[in-house]
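The values are calculated or read from the model by the stated rules, or taken from the named source; none is laboratory data. All figures in this text were calculated on a predicted structure; none of them were measured in a lab. Quick reminder, even Gly has a Cβ in these numbers, built from the backbone with ideal geometry, and neighbours come from all protein chains shown. The accessibility values were calculated without ligands, DNA or RNA, using every heavy atom of the protein model including side chains. Shrake-Rupley method; radii C 1.70, N 1.55, O 1.52, S 1.80 Å.
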Amino acid sequence: MFTRRWVVELILDLVGYRPEEDLTASKIIEPSCGCGAFIIPVVERLWQSCALHSRDLAGCDQAIRGFDVLPHNAEHTRKAVAAKLLELGESLSVAEHLAQCWVTTGDFLLTDHGHLAADFVVGNPPYVRLEHIPDEVSAAYRSECATMRGRADLFVGFFEKGLELLRPGGRLGFICADRWMRNQYGSRLRRLVGDRYAVETLIEMHDADAFEASVSAYPAITVLRNAPQGPVKLVEAGSLFDEPASRRLAPWLRSDGDVEPIDPAFEAAEVEAWPQDGDHWPSGSPHILEVLTDLETRFRPLEDPLTGTRVGIGVATGCDEVYISDAQPSIENDRLLPLLTASDIASGETDWSGRYLINPWEDGRLVDLARYPGLAAHYRAHEPRLRRRHVARRRPSNWYRTIDRVTPGLRERAKLLLPDIKATAHPVLDKGHYYPHHNLYYVVSDTWDLEVLGGLLLSDVANLFVGAYCVKMRGGTYRFQAQYLRKIRVPPQSSISRSDQDQLRRAFRLRDRAAATAVAERIYGVTLPVLAKAA
């Protein structure tokens with residue numbers, strides 16, 4: 001995917017590789033130079049810097065290092081570099097010497113870089129899933145790059161190796177797919193960045209025309225620095241974002257000012273903090289993330305030992321057709337656990353279907369089937385099917401267990417239930433009559449009035465948190481999974497006035513999201529951007 005020239009220029013500006021600086025005293029690396037989309041502008045800027053600072057370009061043979069694993073790519077780039085230098089007035093001997101010094105045929109990830117260190121690392125690293133690479137090469141990459149785990153993309157290793165080469169204060173600027181910021185395979189890279197580097201700039205370019213060919217790559221420009229974390233500049237580039245728009249944006253990106261530009265081609269904002277662990281990075285419009293960052297600094301998480309509030313998930317069986325059923329007279333009554341599924345709370349209230357979990361657990365342990373002949377007969381009628389499950393193969397003696405244990409006391413406890421997949425938060429109160437299925441998440445608390453908390457979770461403030469961190473489904477629906485629900489921040493109930501608590505209860509009972517949001521905005525001290533509010 002060849003990067004447009006103006007995008008390359010923007011990245012070079014962002015990392016600070018500008019002709020007005022004395023670039024002869026620095027080193028820039030392009031780890032996957034392809035056909036020279038980055039190298040040629042780099043050469044031009046270095047030549048301009050030499051002219052401005054009265055330096056001899058011929059002595060700059062260590063100023064640029066470009067790599068490409070494909071010999072024909074490297075040779076093409078060498079020829080392009082030599083041609084550009086001749087065009088700029090350098091001699092043939094100088095042009096050929098510098099082209100040979102600057103462009104290397106080799107695998108950037110597997111090369112022993114020795115004492116090589118860089119002030120700048122830039123490029124458009126390759127987008128290739130590791131499972132599409134020959135096994136021996138994939139194994140070598142995984143051995144060399146600790147961040148490349150699971151179904152990682154090759155560019156994850158380019159981030160890791162590029163960051164390792166940065167001198168203190170050095171910057172890396174890549175344009176590549178942004179899925180690593182939120183997917184599981186990017187967790188180690190996010191942790192590496194949080195532990196040792198700073199996020200400086202993120203420009204989401206999903207709708208912008210960043211490449212020479214039309215591709216669906218979900219690209220973003222990411223600028224990282226070998227320095228302590230500071231404020232982060234966030235930009236969402238729209239379909240109108242082009243070279244003139246990038247020029248309008250560049251002065252703000254390079255400035256320390258907090259006056260955010262207003263432009264039809266992009267939205268921009270600066271946030272004061274950024275995640276420092278391997279957790280998912282938030283996504284969304286910059287102004288929404290600005291609100292989110294403020295809330296995260298002022299309020300505690302929903303799941304909190306100080307309030308005894310916990311988030312969990314219902315029971316996964318591994319074979320619902322066997323474990324979930326209507327009442328069966330042949331099965332002992334105390335082995336039938338009333339079970340709620342997502343369809344049972346679609347109306348906003350519990351509307352039980354009459355289905356039960358045929359329960360093999362008691363006080364957190366598997367029951368002895370000899371004590372329950374009806375239960376035993378039911379399971380043995382399906383024994384071959386149950387034994388084929390992974391959980392049963394792992395522990396053959398426990399072949400009749402469900403994947404998850406049934407948590408003692410959870411059925412009898414009041415809890416808020418939320419379906420996994422939904423366009424907006426849909427909390428429903430169960431007063432202690434049912435056990436949740438795996439497609440429901442639950443919230444229990446030792447201190448909260450659950451109707452008051454339910455009003456907060458119904459509001460668009462809760463949606464703001466989940467929407468920023470969750471993986472979006474087709475059609476824009478959210479995943480209200482436990483790890484995303486735990487991102488929600490809440491005030492202490494004691495800080496909420498009695499009047500506001502009453503209004504939250506009422507909004508929760510009436511399923512009035514707008515009313516819940518109005519109270520939540522007042523409690524949190526924010527006004528949500530219009531685009532953050534549910535339709």
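Can you give me the ranges of the strands (runs of 3 or more DSSP E) entirely in the stretch 293-368 with at least 1 residues that are modelled with pLDDT of 95 or more and over 26 Å from the mean Cα position of the chain (by Cα)?
Qualifying strands (runs of 3 or more DSSP E): 336-340, 356-358.
Report yes if L386 is surrounded by 15 or more Cβ atoms within 10 Å (Cβ to Cβ), farther than 21 Å from A482 by Cβ and aliphatic (A, V, I, L, M), otherwise no. Before the answer, list the steps.
Working: surrounded by 15 or more Cβ atoms within 10 Å (Cβ to Cβ): yes; farther than 21 Å from A482 by Cβ: yes; aliphatic (A, V, I, L, M): yes.
Judged against the criteria, L386 is a match.
Restricting the stretch 194-236 to residues that are among the acidic types (D, E) and crowded, with 18+ Cβ neighbours inside 10 Å, which is nearest to the chain's Cα centre (by Cα)?
Among those residues, the one meeting the criterion is E204.
Go through the residues of the stretch 486-493 one by one and say whether even a single one is at pLDDT 95 or above, open to solvent by less than 10 Å² (accessible area, probe 1.4 Å), closer than 15 Å to S283 by Cα and not in a helix (DSSP H, G or I).
yes
Within the stretch 152-269, considering only strands (runs of 3 or more DSSP E) that don't extend past its boundaries, which have at least 3 residues that are out of contact with any helix residue (DSSP H, G or I) (no Cβ under 8 Å at 6 or more places or on another chain) and farther than 23 Å from P282 by Cβ?
So the answer is 166-177.
What residue, of R401, R393, is in contact with a Phe, Trp or Tyr (Cβ under 9 Å, 6 or more places away or on another chain) and either within 28 Å of F480 (Cα to Cα) or part of a loop (DSSP other than H, G, I, E, B) (or both)?
Among R401, R393, only R401 is in contact with a Phe, Trp or Tyr (Cβ under 9 Å, 6 or more places away or on another chain) and either within 28 Å of F480 (Cα to Cα) or part of a loop (DSSP other than H, G, I, E, B) (or both).
Please work out if S239 is over 22 Å from R479 (Cα atoms), open to solvent by less than 40 Å² (accessible area, probe 1.4 Å) and modelled with pLDDT of 90 or more.
For S239, the condition - over 22 Å from R479 (Cα atoms), open to solvent by less than 40 Å² (accessible area, probe 1.4 Å) and modelled with pLDDT of 90 or more - is not met.
What number goes with the only condition from (1) open to solvent by 10 Å² or more (accessible area, probe 1.4 Å); (2) not in a loop (DSSP other than H, G, I, E, B) that A462 does not pass?
The failed condition is (1).
Does T477 satisfy being under 22 Å from T527 (Cβ atoms), hydroxyl-bearing (S, T, Y), open to solvent by 10 Å² or more (accessible area, probe 1.4 Å) and in contact (Cβ under 8 Å) with a residue 24 or more places away in the chain?
Working: under 22 Å from T527 (Cβ atoms): no; hydroxyl-bearing (S, T, Y): yes; open to solvent by 10 Å² or more (accessible area, probe 1.4 Å): yes; in contact (Cβ under 8 Å) with a residue 24 or more places away in the chain: yes.
So T477 does not fit the description; no.
Anything in the stretch 143-171 that is under 14 Å from T111 (Cα atoms) and not aromatic (F, W, Y)? List them, or say none.
S143, E144, C145, G157, E160, K161, G162, E164, L165
In the stretch 189-243, which residues are basic (K, R) and more than 30 Å from T297 (Cβ to Cβ)?
If the condition is that a residue be basic (K, R) and more than 30 Å from T297 (Cβ to Cβ), then no residue fits.
(1) outside any helix (DSSP H, G or I); (2) open to solvent by 50 Å² or more (accessible area, probe 1.4 Å); (3) without any contact (Cβ under 8 Å) to a residue 60 or more places away in the chain: which one isn't true of V471, the others all being true?
All conditions are met except number (3).
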